[in-house]
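Shown next, in structure tokens, is the structure this report addresses.
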Amino acid sequence: MRVSRDPATSKPRRPSRRIDSIFLAGPGLLYVALLLLLPAGALVLLSLQNPETGRLELAVYRDLFSAGIYVQTLLNTFVIAAQVTVVCIFVGYVVAAWLTVMSEERRRLAIWLVLLPVWVSPLLKNFAWIVLLARRGIVAQLLTGLGYEGEINLLFGRGAVVFGMAHALLPIAILTMLPTMMGIDRRLLSASQTMGASRSQSFWRIFLPLSMPGVTAAGLLIFIIAIGFFITPALLGSPSETMIGQMMITQVQQFFNMRLAGALATLLLAVTLVVVVVYDRIFGISAASGGGSGDARPRSTILRRIGHGVLGTASALTDLLGRVGFGALGMQGLSMAAILVVALLIVPVVAFPPMAFSGSSFLEFPPKSFSLQWFERYLTDPLWTGATLRSIGISIVTGILATLLAGLAAYGMARTKTRLGSIAFLLFLMPMIVPNIVIAVALFYIFAKLGLVATDLGIALGHTLTAMPIVFVIMLTTFRGFDWRLGDAAGTLGASPWQRIRHVFLPLVRGGAMSAFLFGLLHSFDELTIALFVGGGVKQTLPKKMWDDILLSVSPTLAAAAVVVILLVTILFVIAERSRPK
């Protein structure tokens with residue numbers, strides 16, 4: 001073995017010890033630990049600790065499970081979350097499959113239409129449905145015009161809650177399944193048909209099994225997000241559809257019973273953990289990122305036989321329908337259903353402008369007269385303008401902080417050679433896995449001790465935590481797509497380290513960094529849950545002001561504010577999408 005020696009001393013050189021780049025993830029991981037793991041742990045401890053003796057006990061959990069209303073609420077939460085998951089998977093699968101057969105240009109436009117509603121708050125979308133599905137709303141008018149004579153009551157029931165939540169979460173399901181479907185080698189389908197399989201058999205026997213990693217990942221994400229929902233059941237549901245998130249708000253804001261709220265948060269955390277563990281045991285956690293089925297656990301023989309039986313039955317049934325003349329309708333039906341779903345996704349976005357320009361003193365769609373009075377009232381009301389300016393300021397701070405912390409971590413993980421990168425990756429995604437309502441209650445509990453409740457700084461810190469996973473994923477994609485040999489080539493040509501950073505590195509990652517900043521900003525601008533708790537009812541952001549207005553006194557001024565929000569979100573979304581590395 002050749003040993004290099006120092007030419008001056010002729011002594012063997014010690015191998016240089018370079019610090020692995022993973023240390024750059026340190027600040028971000030510390031942030032997650034201080035603002036997520038520590039507050040969540042403190043909340044769990046609060047629920048277990050007797051406030052008088054300091055001993056650990058389960059008294060609050062006994063009280064919780066002995067009261068029928070809490071058990072019923074828990075059951076409601078899990079049943080509604082399961083129903084929403086099924087709807088999102090079924091409908092989202094149709095749209096995602098439709099996107100895979102489109103040309104690249106048309107698919108890009110369609111994905112934009114699917115993505116846009118993601119950045120419009122569920123608060124605004126649900127509010128739009130309240131107007132559109134009201135007893136005298138446009139849907140009721142259409143049904144009456146078609147001859148329907150029965151009582152029309154589309155709101156304040158289980159159907160409205162499942163519809164509203166599925167509408168809010170459907171884009172996430174579509175975008176989670178799409179990469180897996182796009183990665184399926186179409187030559188496999190052609191090969192199977194060359195060997196005598198029908199188109200339906202190719203779908204059921206090849207396409208569907210290969211798309212299952214994306215389907216299961218979407219199911220996991222939708223269920224975890226759905227169990228923490230509170231906006232939709234509060235606006236579109238009745239007391240029978242109360243979910244655990246609403247109960248946590250009541251316990252904190254009306255009764256200030258932090259111990260019971262901590263117990264409810266602990267139950268949500270436990271359910272989330274159980275779901276993730278079960279998912280990992282069955283499918284392998286790597287499938288959650290659409291990483292294919294390579295790490296999936298081997299399934300039992302019984303499950304495999306059941307799966308083959310179901311696919312065989314579905315294939316035979318589809319072939320039978322094809323022979324009786326329904327085969328030609330397959331692709332047309334898929335396209336029509338997918339177009340209808342995409343149109344339904346953007347209905348709330350396009351419904352607000354006509355309502356905001358209404359000349360009426362109440363919200364109506366379509367308006368019978370037009371006026372600018374509600375925009376004038378919005379722009380001259382200090383409560384509305386103050387909330388808007390506060391949201392803008394907090395979202396800019398959030399975008400900067402999240403981009404710095406997540407950008408450093410993403411750079412470190414893109415360059416690391418240690419196995420710690422996978423652990424750090426999971427920790428950075430934790431704020432996305434833990435339900436938002438749990439994060440908000442935990443931050444409220446800790447920030448109350450630190451004097452950060454009802455401060456802009458507290459809201460910005462909370463928003464930064466929940467924005468970090470989105471920003472991190474964009475920055476990691478940017479750095480992993482960067483050709484690091486370009487810097488080496490510049491160095492070979494005589495460029496100094498600073499010149500390499502300034503003239504090679506920064507220009508090539510600038511688009512990704514700008515996109516990450518804007519998506520972090522968008523997340524903060526539309527965020528309600530953290531603002532609801534940490535704002536303490538004193539510091540009102542624009543979503544918080546809208547929430548209060550919907551609950552207390554709905555007026556067309558709200559529609560004018562919504563138009564401003566949608567306009568800003570749309571502009572920032574288009575800029576962010578154009579900056580994002582493809």
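Values as computed for the structure displayed
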{"quantity": "Cα radius of gyration and Dmax for the chain (Å)", "calculated": "26.4, 100"}
{"quantity": "Distance from region 205-268 to region 14-69 (C-alpha centre basis), Å", "calculated": "20"}
{"quantity": "Packing-based ranking, highest mean first, of 569-575, 128-134, 519-525 given that Cβ atoms within 10 Å are counted", "calculated": "519-525, 128-134, 569-575"}
{"quantity": "Accessible surface, the chain, averaged per residue in Å² (probe 1.4 Å)", "calculated": "50"}
{"quantity": "With every protein chain in place, region 331-441: carbon and sulfur % of accessible area (1.4 Å)", "calculated": "74"}
{"quantity": "Given charges at Cβ of Lys, Arg, Asp, Glu: region 14-72 dipole, positive-most of L58, L45, I19", "calculated": "I19"}
{"quantity": "Sorted peptide list for 40-46, 562-568, 67-73, criterion being average Cβ within 10 angstrom, highest first", "calculated": "562-568, 40-46, 67-73"}
{"quantity": "Region 471-511-region 362-393 distance, computed between alpha-carbon centres (Å)", "calculated": "45"}
{"quantity": "Region 19-144, accessible surface, carbon-and-sulfur percent (1.4 angstrom probe)", "calculated": "70"}
{"quantity": "For region 135-213: relative contact order, % (alpha-carbon pairs under 8 angstrom, 6 or more apart)", "calculated": "26"}
{"quantity": "Relative contact order computed over region 148-289 (Cα-Cα under 8 Å; 6+ residues apart), in percent", "calculated": "30"}
{"quantity": "Surface share of carbon and sulfur [accessible, 1.4 angstrom probe, percent] for region 448-582", "calculated": "64"}
{"quantity": "Rg [Å, one decimal], Dmax [Å, integer] - region 486-567, C-alpha atoms", "calculated": "22.0, 67"}
{"quantity": "Solvent-free Debye scattering, log10 I(q)/I(0), computed from the Cα coordinates of region 359-443 at q = 0.17, 0.20, 0.26 Å⁻¹", "calculated": "-0.90, -1.03, -1.21"}
{"quantity": "Nitroxide proxy distance, nm - points 7 Å out along Cα→Cβ at M182 and R415", "calculated": "2.9"}
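The values are calculated or read from the model by the stated rules, or taken from the named source; none is laboratory data. What you are looking at is a predicted structure, and each value in this text was computed from that prediction instead of being measured. No Cβ is skipped: glycine too gets one built from the backbone with ideal geometry, and neighbour counts run over all protein chains shown. Each accessible area value is taken on the protein alone, full model and side chains, heavy atoms only, with ligands, DNA and RNA left out. Shrake-Rupley method; radii C 1.70, N 1.55, O 1.52, S 1.80 Å.
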